[in-house]
Amino acid sequence: MAISTIVPKAFKITLKTLKIRFFILLLLPQKSTRMIAQQLLIYNTLTRKKEVFKPIHSPHVGMYVCGPTVYGDAHLGHARPAITFDILFRYLTHLGYKVRYVRNITDVGHLENDADSGEDKIAKKARVEELEPMEVVQYYLNRYHKSMEELNVLPPSIEPHASGHIIEQIQFIQEILDHGYAYESNGSVYFDVEKYNKDYHYGKLSGRNIEDMLNSTRQLDGQEEKHNGVDFALWKKASPEHIMRWPSPWSEGFPGWHLECSAMGTKYLGQEFDIHGGGMDLMFPHHECEIAQSVAALGKESVHYWMHNNMITINGQKMGKSLGNFITLDELFTGTHKLLEQAYSPMTIRFFILQAHYRSTLDFSNEALQASEKGLQRLYDAFSKLNKLQPAKTSENIDVTGLKDKCYEAMNDDLNTPIVISHLFDAARAINSIAAGNGSISGNDLSELKAVYKLFFNDILGVKSGEMMDSSNNEAYKKAIDLLLDMRQEAKQRKDWATSDNIRNQLTAFGFEIKDTKDGFEWKLN
RNA sequence: GGUUCCUUGGCCGAGUGGCUAGGCACCGGUCUGCAAAACCGUCUACGGCGGUUCGAAUCCGCCAGGAACCUCCA
């Protein structure tokens with residue numbers, strides 16, 4: 001009785017829902033196809049070629065990026081993948097794709113080395129600082145999030161923790177074991193690289209051959225458990241003093257590092273998904289192992305497009321944790337590092353990173369950052385002038401449609417942000433010319449230019465504009481500065497240059513920039 | 001040693017066969033009481049040697065220098 005009354009009702013609701021959905025679908029594809037019609041080329045590390053991006057289930061896109069191991073503060077190097085894939089996330093979304101962006105948090109499984117006595121990085125930090133491991137994780141994760149927010153990096157759709165997916169990882173190992181590509185040894189489980197390589201190619205992503213690797217793999221202590229030096233751990237039995245441990249069919253222990261991405265990627269994005277990103281230094285062995293794990297467990301590769309950002313260097317060398325030559329983001333923002341001549345705002349850092357293509361190395365130096373800071377300021381100034389321009393009948397020296405097309409063209413060419421920026425600088429010059437009275441812009445072009453600027457500068461490149469950061473200014477303070485400069489104007493009219501220069505010089509010393517204009521003055525705080 | 005990649009003007013950094021970005025710095029000019037900002041202009045480079053081509057920063061070869069990965073790394 002109850003069922004028969006419920007079913008039709010449920011059916012009714014479903015029909016209604018379907019109708020609404022159908023209606024939405026009718027609307028969406030029009031917008032989507034128009035936008036998605038942009039042909040995006042992305043460089044696929046797997047083929048070493050730029051390829052046309054075709055999602056498996058358009059308009060849905062699945063994207064996985066290797067996030068940080070949270071056992072220390074994020075440094076400049078961490079900002080690179082975060083910003084690179086933030087741009088991709090923003091751009092795909094703008095094109096009309098529905099992106100599910102997964103960026104993991106590694107909070108377990110990072111061995112100090114591959115030896116039996118290998119210690120987890122988080123656990124080590126916890127022991128050194130006498131903290132609960134999860135306390136370490138939370139502390140640095142909070143700080144990571146804060147830095148990312150300051151860099152205007154959008155949060156991913158899902159941010160899974162490795163420690164929260166132990167069951168999935170155990171299942172994944174079981175699949176690999178069932179397919180015969182792993183073996184248990186003294187409570188640990190290792191991936192059988194040699195066996196796998198007979199059926200597939202281990203090393204296809206990084207262009208390696210197992211023969212070369214067999215000869216060059218370092219001999220570390222405690223590797224007697226492995227059948228072969230190149231085999232990597234899927235599960236490690238925990239030594240008695242090891243803090244982070246979970247039960248499994250093989251031993252109390254913890255999962256190997258490479259496993260988390262395979263397990264979480266396929267859990268949230270499906271057995272096959274579109275994009276997997278990360279730093280170039282993760283290509284081997286991390287991503288290579290991921291491929292092997294997926295093929296061994298699922299019988300197919302999970303990832304269609306592998307994308308890798310290049311490194312940030314300092315004095316020509318990779319900035320990294322192990323070399324100890326890194327500068328944390330906090331230090332950059334506050335200028336508290338011995339190599340820094342000054343503090344650099346988060347937007348300067350973001351702009352600096354975007355001025356190089358993501359597949360090129362980018363060398364850190366104060367000179368380069370200062371150049372970025374000034375360049376960014378030039379764009380801010382130009383675009384604040386844009387909002388004050390008066391429309392004319394015709395446009396003389398600016399082609400807004402051409403600008404927009406060129407920006408799209410650059411983005412579509414494997415996210416060429418430096419080219420997009422160069423076009424924005426071209427626009428800035430045109431705006432400045434018009435503002436200086438050399439040229440004109442029509443009303444239509446003016447509003448279109450404002451829209452293009454907002455789209456590429458703010459929305460896609462994700463640079464917060466000056467006004468957005470100007471919220472701390474308050475009226476009383478502005479009036480005080482205006483008052484001082486009014487006094488200076490009076491002094492100028494009396495030709496009392498000593499007083500007028502004194503006011504200007506003092507304000508300049510405090511960091512203000514004073515400009516005299518035809519009818520008065522302008523100022524801003526740098 | 002193996003694998004992959006790089007070398008662009010004072011600095012940073014795009015560009016993959018002819019159109020030879022952009023930013024910062026420098027210099028000259030315009031504007032200004034002087035500045036600042038802005039505008040206009042100047043400088044115009046592709047590690048070296050050879051080859052392919054009508055034509056090469058771009059393709060090929062050799063040499064020199066550097067980097068990443070091969071162990072944890074974004």
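The values are calculated or read from the model by the stated rules, or taken from the named source; none is laboratory data. Source: prediction; values computed, not measured. Positions of Cβ are generated from backbone atoms using ideal geometry, with glycine treated the same way; all protein chains shown enter the neighbour counts. Please note that ligands, DNA and RNA were not included when accessible areas were found on the heavy atoms of the full protein model with its side chains. Shrake-Rupley method; radii C 1.70, N 1.55, O 1.52, S 1.80 Å.
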| task | Can you tell me the 0 to 90 degree angle between the C-alpha axis of helix A:166-178 and the longest principal axis of chain A, rounded to 10? | result | 50 degrees
| note | Mean projected area, convex hull of alpha-carbon positions in region A:226-340, reported to one decimal in nm², is 10.9 nm²
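Assuming R0 = 41 Å, what is the FRET efficiency of A:Asn315 and A:Phe521, from their Cβ-Cβ distance, to the nearest 0.05? Before the final figure, lay out each step's value.
Values: r = 44 Å, r/R0 = 1.06.
The pair A:Asn315/A:Phe521 has a calculated efficiency of 0.40.
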| query | For chain A, what is the mean residue ellipticity at 222 nm derived from helices alone (per DSSP H run of n ≥ 4: -39500 (n - 2.57); sum divided by total residues; nearest 500 deg cm²/dmol)? | reply | -15000 deg cm²/dmol
| query | Roughly what angle does helix A:417-435 make with the longest principal axis of chain A, taking Cα atoms, 0 to 90 degrees, to the nearest 10? | reply | 10 degrees
| task | Starting from the Cα of A:Lys495, draw a straight line to each of the lysines and keep only those under 21 Å, dropping any in the same chain fewer than 8 residues away. | result | A:Lys515, A:Lys518
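Give the accessible surface of chain A per residue, rounded to a whole number of Å², with probe radius 1.4 Å and ligands, DNA and RNA excluded. Don't jump to the answer; show the numbers that get you there.
Working: 25770 Å² over 526 residues.
Accessible surface, normalised per residue, equals 49 Å².
Please give the charge dipole size of chain A, origin at the Cα centre, charges +1 on K and R Cβ atoms and -1 on D and E Cβ atoms. Round to the nearest 20 debye.
Values: 59 positive and 67 negative charges, 486 e Å.
So the dipole magnitude of chain A works out to roughly 2340 debye.
Provide the gained length on full extension for the span A:Glu513 to A:Ile243, in nm with one decimal, where the gain is 0.36 nm per separating residue minus the Cα-Cα distance.
Numbers: separation 270, 0.36 × 270 = 97.20 nm, distance 5.66 nm.
Using 0.36 nm per residue and subtracting the Cα-Cα distance, I get 91.5 nm.
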| task | Please check which bits of region A:423-458 a label hung off A:Arg378 would reach, taking the label as a point 7 Å along Cα-to-C-beta and the cut-off as backbone N under 13 Å. | result | A:423-433
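R0 = 60 Å: FRET efficiency of A:Trp497 with A:Arg359, Cβ-based, nearest 0.05? Display every interim value, and only then the final one.
On the way: r = 55 Å, r/R0 = 0.91.
Rounded to the nearest 0.05, the efficiency is 0.65.
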| query | Near the amide H of A:Val303, under 5 Å away, which other amide H atoms are found, from residues 5 or more places off or on another chain, if H is placed in the peptide plane? | reply | A:Phe273
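Given an 8 Å cut-off on Cα distances and at least 6 residues of separation, report the relative contact order of chain A as a percent.
On the way: 751 pairs, mean separation 75.7, N = 526.
Relative contact order comes out at 14 percent.
Can you give the relative contact order of region A:211-359 as a percent, counting alpha carbon pairs under 8 Å and 6+ residues apart?
Working: 138 pairs, mean separation 20.0, N = 149.
Averaging sequence separation for qualifying contacts and normalising by length gives 13 percent for region A:211-359.
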| Full extension from A:Asp281 to A:Asn209: what is 0.36 nm times the residue separation minus their Cα-Cα distance, to one decimal in nm? | 24.1 nm
| task | Measure off, as a whole percent, the carbon and sulfur share of the 1.4 Å-probe accessible area of chain A, all protein chains present. | result | 53 percent
| field | Per-peptide average of other Cβ atoms within 10 Å, ordering A:278-284, A:121-127 highest first | value | A:121-127, A:278-284
| query | What whole number of Å gives the distance from the Cα centroid of region A:377-402 to the Cα centroid of region A:262-310? | reply | 45 Å
| Cα-based helix-to-principal-axis angle, A:366-386 vs chain A, degrees rounded to 10 | 60 degrees
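How many Å³ per residue does the convex hull of the Cα positions in chain A occupy? Let's see the in-between values first.
Numbers: hull volume 117.3 nm³, N = 526.
In chain A, the Cα convex hull volume per residue is 223 Å³.
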| field | Under 15 Å from the A:Lys450 label point (7 Å along Cα→beta-carbon), backbone N, region A:366-392 | value | A:383-392
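What is region A:58-188's relative contact order, in percent, from Cα pairs under 8 angstrom and six or more apart in sequence? If you can, show how the numbers build up before the last one.
Details: 141 pairs, mean separation 38.5, N = 131.
Reported relative contact order: 29 percent.
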